[in-house]
Amino acid sequence: MSTYARDRISRQTTEEWLVEYAGTHSSAPAVDKLFITGLTFDHHRTTKTGALVLSFCWQSDEVVAFFNCDIRRQRGPLKGQSYKIGIGGQFLPPERGKFRAFWQESVGAPPRRWAAVHKEIKSRLKGLAFQGEMYTAEKKNGEAYKKVINLHLWDPGY
């Protein structure tokens, strides 16, 4: 921080600060989390920023869960280049990542290869129901969507 900025801030009164920063805070509502059950898996997709998005259906709405992943090729002449992104995209989940823990809890056994787990997702998760905490998040462009965290296999016996 420059000396000028520090001097200006130290000399600024509370009233001047309130006037200067009145319109800069977010007017977003407080995050209200709702515990939901009965999520059914629909599809997965990857993003160019290295995220795996699992899409679930809940009361005719789409609810999404995000996991970190690597979308770069690991071997071959195209090593380091990204796989195609979008629905059904290929990815590699990190070794100690939350997706691997989620998979182990849900399916019970690791896939034949973690780099090829995208081929097994739909067949392994389609008959299962999940639960988690849902809240409304906002994209950079201001569009709202439903996001779920703490995603676990649903046991209707409880």
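The values are calculated or read from the model by the stated rules, or taken from the named source; none is laboratory data. Treat the numbers as computed from the prediction; the structure is a model and nothing was measured. Because the Cβ atoms are built from the backbone with ideal geometry, glycine has one as well, and the counts that use them run over all protein chains shown.
Of everything listed in (1) in contact (Cβ under 8 Å) with a residue 60 or more places away in the chain; (2) over 23 Å from Tyr135 (Cα atoms), the single unmet condition for Ala65 is (2).
Do we find that Ser82 is within 19 Å of Asn68 (Cβ to Cβ), of a type in the set (S, T, N, Q) and either modelled with pLDDT of 95 or more or out of contact with any helix residue (DSSP H, G or I) (no Cβ under 8 Å at 6 or more places or on another chain) (or both) in this structure? Before the answer, list the steps.
Values: within 19 Å of Asn68 (Cβ to Cβ): yes; of a type in the set (S, T, N, Q): yes; either modelled with pLDDT of 95 or more or out of contact with any helix residue (DSSP H, G or I) (no Cβ under 8 Å at 6 or more places or on another chain) (or both): yes.
Yes: the conditions hold for Ser82.
Counting residues in the range 57-69 that are in contact with a Phe, Trp or Tyr (Cβ under 9 Å, 6 or more places away or on another chain) and either over 27 Å from Gly127 (Cβ atoms) or hydroxyl-bearing (Ser, Thr, Tyr) (or both) gives zero.
Starting from the range 39-62, take each residue that is touching a residue at least 12 places away in the same chain (Cβ under 8 Å) and more than 15 Å from Phe91 (Cβ to Cβ) and list its partners that are among the hydroxyl-bearing types (Ser, Thr, Tyr) and assigned to a strand (DSSP E or B), counting only C-beta distances under 6 angstrom and pairs at least six apart or across chains. Partner pairs satisfying both residue conditions: Asp42/Ser55; Cys57/Thr40; Glu62/Ser55.
Would the range 119-129 turn up any residue that is in a strand (DSSP E or B), out of contact with any helix residue (DSSP H, G or I) (no Cβ under 6 Å at 6 or more places or on another chain) and either within 15 Å of Val63 (Cα to Cα) or touching a residue at least 12 places away in the same chain (Cβ under 8 Å) (or both)?
yes
Does any residue of the range 144-155 turn out to be closer than 19 Å to Gly38 by Cα and at pLDDT below 90? The answer is yes, given that some residue of the range 144-155 is closer than 19 Å to Gly38 by Cα and at pLDDT below 90.
Of the numbered criteria (1) surrounded by 17 or more Cβ atoms within 10 Å (Cβ to Cβ); (2) farther than 24 Å from Leu128 by Cα, the one Phe102 fails is (2). Can you run down the residue pairs with Cβ atoms below 7 Å, 6 or more apart or on separate chains, where the first is in the range 79-93 and closer than 17 Å to Leu54 by Cα and the partner is of a type in the set (Ser, Thr, Tyr)? Close Cβ pairs (under 7 Å, with a partner that is of a type in the set (Ser, Thr, Tyr)) amount to Ile85/Thr46; Ile85/Thr47; Gly86/Thr46; Gly89/Thr46; Gly89/Tyr83; Gln90/Tyr83; Phe91/Thr46.
Scan the range 116-148 for residues that are β-branched (Val, Ile, Thr) and touching a strand residue (DSSP E or B) at 6+ places or on another chain (Cβ under 7 Å) and jot them down. Matches in the range 116-148: Ile121, Thr136, Val148. When you check Arg96 against the structure, is it assigned to a helix (DSSP H, G or I) and of a type outside the set (Val, Ile, Thr), yes or no? Considered against the rule, which asks whether it is assigned to a helix (DSSP H, G or I) and of a type outside the set (Val, Ile, Thr), Arg96 comes out as no.
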